[in-house]
1. Is it the case that Pro232 is open to solvent by 30 Å² or more (accessible area, probe 1.4 Å), farther than 17 Å from Ala259 by Cα and without any contact (Cβ under 8 Å) to a residue 60 or more places away in the chain?
2. Filter the range 88-97 for residues that are in a loop (DSSP other than H, G, I, E, B) and surrounded by fewer than 19 Cβ atoms within 10 Å (Cβ to Cβ) and give the result.
3. Consider only pairs whose beta carbons are under 8 Å apart and that are at least six residues apart or on different chains; among these, list those whose first residue lies in the range 267-280 and is at positive phi and whose second residue is charged (D, E, K, R) and assigned to a strand (DSSP E or B).
4. Sort through Gly355, Gly391 and tell me the only one that's within 29 Å of the chain's Cα centre (by Cα), modelled with pLDDT of 85 or more and in a strand (DSSP E or B).
5. Mind telling me which of the residues Gly366, Gly321, Gly347 ends up being within 30 Å of Phe65 (Cβ to Cβ) and out of contact with any strand residue (DSSP E or B) (no Cβ under 7 Å at 6 or more places or on another chain)?
6. In this structure, does Lys72 turn out to be in a strand (DSSP E or B) and either more than 20 Å from Ser33 (Cα to Cα) or charged (D, E, K, R) (or both)?
7. Name, by its number, the condition in (1) aliphatic (A, V, I, L, M); (2) within 19 Å of Val218 (Cβ to Cβ); (3) at pLDDT below 95 that does not hold for Val379.
8. Restricting the range 190-219 to residues that are touching a Gly at 6+ places or on another chain (Cβ under 6 Å) and buried (at least 18 other Cβ atoms within 10 Å of the Cβ), which is farthest from Ile139 (Cα to Cα)?
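The values are calculated or read from the model by the stated rules, or taken from the named source; none is laboratory data. Just so it is clear, the structure is predicted and the values come from calculations on it, not from any experiment. Positions of Cβ are generated from backbone atoms using ideal geometry, with glycine treated the same way; all protein chains shown enter the neighbour counts. Ligands, DNA and RNA are stripped out before the accessible areas are found, and what is left, the full protein with its side chains, is counted by its heavy atoms. Shrake-Rupley method; radii C 1.70, N 1.55, O 1.52, S 1.80 Å.
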Amino acid sequence: MNTKSSITLGINGLGRIGKLSLWHHAGRKYFDSIVINVGREVGRSFQDIIHYIERDTTYGRLESFLNGYQSKSVISDVDEAAGSLNVNGLKVKILRNNRNPKDIEWAQHNARIVVDTTGQFLDPSLGADEPKGSIRGHIEAGAQKVIASAPFKLKEGVAMPEDTVTTVMGINDGDYDPVKHNIISNASCTTTCLSHMIKPLIDSFGIERILSASMATVHAATGSQQVLDRLPKTSATDLRKNRSIMNNIILTTTGAAKALQLVIPEMATIGFIAESVRIPTATGSLIILVMNFQEELNKKPIRRDMINSIYENAEKSNTNGYLMYSDKQNVSSDIIGTPRAAAVIEGHETHARTGAININLEHVRGIDKNILDMIKNQVTSIQVTQAVIYGWYDNEMASYVNILGDRIVSIAEAMH
């Protein structure tokens, strides 16, 4: 993925993922040019967009991010009338006229690949002429491939269109078919981390030994939350999103369990539960994964060291850097900016306990009643090990934007 591309990358939106994607590609230099659609005027002048691009509360200044603390500004050749600038040698064009995807001038600027980072257009079943806009509008506007930086959201009962696919790099990125798929979801930061935590365990133990699983993500704040308490909008159902993220631990929801089945289909057979809480930090999140395994007779039970060795070996065998194992005692700020890690396993905190579960066969589906009548003791015992694994992820730059960048480049390479 180190060759240069003549393709222009389009980015729709300049929020957290949009801006950090620009930072990523300004450092990567795979694309020669990027077109960013903001869709409106920003501040009082074009300089206000530049001010926003080159500074970030979480990651510092752009020039330091790219070249170290002694570097000077990497933004040059600013042309306010044309809406263009140069970022670390990357030609950047800012569009400020249209917010509906079908009206954005992708074709005019040869943006054959577009990543939509707005989080607004996530239903690929909607046509390009949807009044409020649709992700398919980017195709009508000239893009050949569109990547959503969030999971798809379809109405209940609506089938997923055949030209769409959801992938996580390092897990099922091979499911992408360059001929068949034009609209791709890069899933979410939480699904990305979760899938890299679960896949090594499935590969080692087999899906048939997993009895149940659950997770909770302790997640940094996002732009959907309020700085101070605010009156909910009309028809709002989650009143907690209107409470101050600065002062509260806030219970919320996550679609990670549903999205996980799209990238690891075997998980559809497991009763998987996913929960989420938001905390007052800017980035750096944690998944607490709980897995219940059925033990095998006359075999060594699953223990902490066994689980940690699985992750250590997975890190060594996969050169993409998406999974990291750590035996250090980390805190969330230690994970921020970790170069390419989808998940950083906190091996120091891995736990495993084995116990017996008594099951009344009379209440088990699929057992013939005549067979049950022949069994004297209808209560049987099985050995079950519950394991708890902790996985860190930088939900903005490292665990998501860098891997999103890999997804974009892999699609561009398949287009040459």
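1. Taking the combined requirement at face value, the residue satisfies it.
2. Of everything in the range 88-97, those that are in a loop (DSSP other than H, G, I, E, B) and surrounded by fewer than 19 Cβ atoms within 10 Å (Cβ to Cβ) turn out to be Gly89, Arg96, Asn97.
3. Going by the 8 Å Cβ cut-off, there are no qualifying pairs.
4. Gly391
5. Working: Gly366 fails: within 30 Å of Phe65 (Cβ to Cβ); Gly347 fails: out of contact with any strand residue (DSSP E or B) (no Cβ under 7 Å at 6 or more places or on another chain).
None of the other options fit; the residue is Gly321.
6. Here the answer is no, as Lys72 does not meet what is asked.
7. The single condition Val379 does not satisfy is (2).
8. Met197
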